[in-house]
Amino acid sequence: MRRWQRWTLGLGAVFFGITSAACSNVGSFTKAPITKLATGGTVSARQQQFMLRRLKWEHRGLSGKITGLSYFTDTYRPIAGARSKDTLTIHKGPFKGDYGIKRVIRLVDTDRRGKRRRQVVVEITGQFFDPSQAQYWKTFHKGTGGISLKENIFTDSTSFLPEVPVGTVLVVVMGGQERRFTVMKTLASKFGLRGLQRVGYVVREPLPTGLKNLNYRVLTPTPGVSDKLKYHIRWAGSGLSGHNFTLGINRRRYNQNEVDALLRSTNMSKKKLSSVGAKRSAAIVFQVTGAVAAVIGGFLALVRRDDFPGAQQAIPWSIAGGGVALLLAAIPLNVSANNDYLNSAQAYNKDLIRRLKIQPPRNSSVAEKSDSKKNDIAPGPAAAPSAKANR
C-alpha cells in the first residue's frame, strides 16, 4: 500500500470517529445551576431572580478607573462577563490603547452599613505606564511606623491606614532602598498587636516579616487622568462559535453548554431549541468533512502532484475546493442555531416574569438593539448577591 493511501485511510478513520461522536446527543459536563423560583414575599424579594442577559461579545462603560500599574475597574457598576484573554480598550487619555486581560478578580464586600457590594477588578498583561513616571502617581498616605507581619500583611503601629482599592501600590523603604508592593485586600483586625483594631494591607509580592518602623508611602494613580475613562472589553471568540449569556446579579458569563440546561427547564424556552441539535450536528459534520477534504485535496495537489499529470490536476484541487465550500456552508447553520438560543432566552425571560408576577424591566429583551449599549445593566433594583467572593 502506498504512503498516500495509508494517509488517506488514517484520515478517513479519524473522520468517521469524530462524525459518529458529533452526531450522537452527548450531555454537557458543566450545567448551569437550576434553582426553584421564590414566588412569595415582596416584589423586591422576587426580583432577586433576574433575567438571562445577552451581552453579545463586549462590555462598555464610561466610568473606568486605573487603580494601579496593571489593575482596572469600573466605579459605577461591576464589569459584567469579563474573562482572561479578553481585550480591554481605553478610548481616551494618555492610556488610550488595547490591553490583554490576564486575570479577573471578583469581590463581594460588606460596607459599614452592612450592605454587600460587588466589585470586579481586571488585571492586564503588562502595565499601563512605567512605575517611575511620577506624573501618574499621587501620594495618598505616608508614615514611619510600618510593620510587616506574616502572610504578607503590612500595617502601621502609629496611624490607621486608609482603605484603598485592589492594585494600589505600597512603597516601603527597606535597607535604604524602595520596594514596591501591590495591595490586594484591605483588612481590619488587631493583628495580634496591643491596642485598638488596626487597618492592614494584604500585598501580592513576598514581604519580609518581622520588620518594624518602616518608612512607607501609599501611591494611587493621579485623579483626572486615571478615572472616568471610556472603555470597552471585547470578548474572546465570536458569534460563530456561540453566544454568551449572564445570569442574574452575579453576571457570570455562561457559555452555551452551561445555559442549555437552564433554557430547557421551561416549556416555552425549550420549544425554541427543538431544531438546535440538528443544526449543530449538521454544522459539525460539514466542518469535519470540509477540513478532511481540504487537507487531503491540498496534500494531493501540492505534495503528490506528480501522480496527477496534465488535466488530472483538477481532481485534487476540486477535492480541496469542495472542503472549503463545506466549511463555508457550516457558517449559516451555526448562526441560525445561535439565533435559536437568543429566541429561547427571550422566551425564558417572558415566562420568568409571568411566574414571578413582576413588571418586566425596561431592558428585559435580550434581542433588542438597545441592549448593545445597556445590555450589561442588571434589570430591576440591585439585590444582594448570594455568591461568595471568588477570584
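The values are calculated or read from the model by the stated rules, or taken from the named source; none is laboratory data. Note that the coordinates shown come from a computational prediction; the quantities given were computed from them, not determined experimentally. Using ideal geometry, Cβ is built from the backbone for each residue, glycine included, and neighbour counts are taken over all protein chains shown. Heavy atoms of the whole protein, side chains included, go into the accessibility calculation; ligands, DNA and RNA do not. Shrake-Rupley method; radii C 1.70, N 1.55, O 1.52, S 1.80 Å.
Among the polar types (S, T, N, Q), open to solvent by 50 Å² or more (accessible area, probe 1.4 Å) and out of contact with any strand residue (DSSP E or B) (no Cβ under 9 Å at 6 or more places or on another chain): is that true of GLN119 in this structure?
So GLN119 does not fit the description; no.
Criterion first (under 30 Å from LYS85 (Cβ atoms), of a type in the set (Val, Ile, Thr) and in a loop (DSSP other than H, G, I, E, B)) does VAL120 satisfy it?
On the way: under 30 Å from LYS85 (Cβ atoms): yes; of a type in the set (Val, Ile, Thr): yes; in a loop (DSSP other than H, G, I, E, B): no.
For VAL120, the condition - under 30 Å from LYS85 (Cβ atoms), of a type in the set (Val, Ile, Thr) and in a loop (DSSP other than H, G, I, E, B) - is not met.
Does SER226 satisfy the criteria of being of a type outside the set (D, E, K, R), open to solvent by 40 Å² or more (accessible area, probe 1.4 Å) and more than 14 Å from GLY145 (Cβ to Cβ)?
No, not satisfied.
Taking PHE72, is it in a loop (DSSP other than H, G, I, E, B) and at pLDDT 90 or above? It would help to see each step written out before you state the result.
Numbers: in a loop (DSSP other than H, G, I, E, B): no; at pLDDT 90 or above: yes.
In short, no.
If I filter the stretch 137-169 down to residues being open to solvent by 30 Å² or more (accessible area, probe 1.4 Å) and of a type in the set (Val, Ile, Thr), which single residue comes out as farthest from THR220 (Cα to Cα)?
Checked the stretch 137-169; the qualifying residue farthest from THR220 (Cα to Cα) is THR158.
Assess whether ASN339 counts as being closer than 30 Å to VAL120 by Cβ, modelled with pLDDT under 85, part of a helix (DSSP H, G or I) and open to solvent by 30 Å² or more (accessible area, probe 1.4 Å). Walk me through how you get there before you give the answer.
Values: closer than 30 Å to VAL120 by Cβ: yes; modelled with pLDDT under 85: yes; part of a helix (DSSP H, G or I): yes; open to solvent by 30 Å² or more (accessible area, probe 1.4 Å): yes.
The answer is yes for ASN339.
What are the residues in the stretch 270-327 that are over 24 Å from ASP340 (Cα atoms), open to solvent by 70 Å² or more (accessible area, probe 1.4 Å) and either touching a Pro at 6+ places or on another chain (Cβ under 9 Å) or of a type in the set (Gly, Ala, Ser) (or both), if any?
LEU302, ARG304, ARG305, ALA311, SER318
Residue by residue, here is whether (1) modelled with pLDDT under 90; (2) surrounded by 13 or more Cβ atoms within 10 Å (Cβ to Cβ) holds:
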| position | (1), (2) |
| --- | --- |
| ASP111 | yes, no |
| GLU123 | no, yes |
| GLY126 | no, no |
| ASP130 | yes, no |
| VAL171 | no, yes |
| ARG180 | no, yes |
